[in-house]
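Chemist: Could you have a look at this structure, given as structure tokens, before my questions?
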Amino acid sequence: MNEVVLCLLTALAAFTTENLLLCGGAGLSRLLRTSRKNNEPLWYAGLVTVFSLLTYFTSCIIHDFLNPLYTEPVVLTFTYAVSCAVWYLLGMFLLSAAVPHFFQKVDQMMPTAAINTVVMALPFITVMRGWTLWQGALYCVGSGAAFYLAIRMLAPVWPKLYEKQIPRALRGLPAAFLFLTLLALGLMGFTGSTLFWN
């Protein structure tokens, strides 16, 4: 149960991080736009899952070659990011050449899906080397499912974020971030973590 909640919390963190930092500014996130329009969340979650699986399996293969160095978190993060970048470039090239019609449908989602694959792995990067192949595969599937749930949880809330009862300065995106913060704090309660210690 804790792993599921941690995956969802990480998805919400990636949700905010890639929106503010990695996509050129607030309001431009593919994930936020997908949740607002409520269209094709399965494609986005599927891309995150596929990138996560391919990147994780590639990192496991690299682990065998870099075994003494692979215990360092910097090396883990670097190899994971490079693996994801290689699969992203290969995916863009193969899909555009082999199935251009499908590529036109997903080409705008692929960059943020690849970025979020790395963002989702960062909190777990040091423990991933100790996972079995099945644990890693289940984590990758959980990452995609967490993004799907994050989109589905935010989608019905969007119309309410523009109501007149909300102060004008907080309507829309600021209210969305407040909602995500409260949701993340609520979900953190299921992990058994505490924010304050005596």
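The values are calculated or read from the model by the stated rules, or taken from the named source; none is laboratory data. Just so it is clear, the model here is predicted, and its values are computed rather than measured. In this analysis, Cβ positions are derived from the backbone assuming ideal geometry, glycine residues included, and neighbour counts consider all displayed protein chains.
Chemist: If we only count helices (runs of 4 or more DSSP H) wholly inside the stretch 80-190, which ones have 3 or more residues that are in contact (Cβ under 8 Å) with a residue 24 or more places away in the chain? Before the answer, list the steps.
Modeler: On the way: elements: 100-106, 110-121, 133-154, 173-188.
By residue number, 110-121, 133-154, 173-188.
Chemist: May I pose another question? Among the candidates Glu72, Glu40, Glu18, which residue alone is at pLDDT 70 or above and either buried (at least 20 other Cβ atoms within 10 Å of the Cβ) or of a type in the set (Asp, Glu) (or both)?
Modeler: After applying the criteria, what remains is Glu40.
Chemist: Additional query: Using the structure shown, decide if Ala146 is at pLDDT below 80 and surrounded by fewer than 18 Cβ atoms within 10 Å (Cβ to Cβ). Steps first, answer last, please.
Modeler: Working: at pLDDT below 80: yes; surrounded by fewer than 18 Cβ atoms within 10 Å (Cβ to Cβ): no.
Taking the combined requirement at face value, the residue does not satisfy it.
Chemist: So Gly46 fits all but one of (1) under 16 Å from Ala137 (Cα atoms); (2) modelled with pLDDT of 75 or more; (3) surrounded by 22 or more Cβ atoms within 10 Å (Cβ to Cβ); what number is the exception?
Modeler: All conditions pass for Gly46, except number (3).
Chemist: Out of curiosity, is Gly136 of a type in the set (Gly, Ala, Ser), modelled with pLDDT under 85, surrounded by fewer than 16 Cβ atoms within 10 Å (Cβ to Cβ) and closer than 28 Å to Leu54 by Cβ?
Modeler: Spelling it out, it is not the case that Gly136 is of a type in the set (Gly, Ala, Ser), modelled with pLDDT under 85, surrounded by fewer than 16 Cβ atoms within 10 Å (Cβ to Cβ) and closer than 28 Å to Leu54 by Cβ.
Chemist: Oh, and also: If we keep just the residues of the stretch 140-162 that are of a type in the set (Ser, Thr, Tyr) and under 15 Å from the mean Cα position of the chain (by Cα), which is farthest from Ala114 (Cα to Cα)?
Modeler: The selected residue is Tyr148.
Chemist: Only one of Val106, Val86 is under 19 Å from the mean Cα position of the chain (by Cα) and at pLDDT 85 or above; which?
Modeler: Val86
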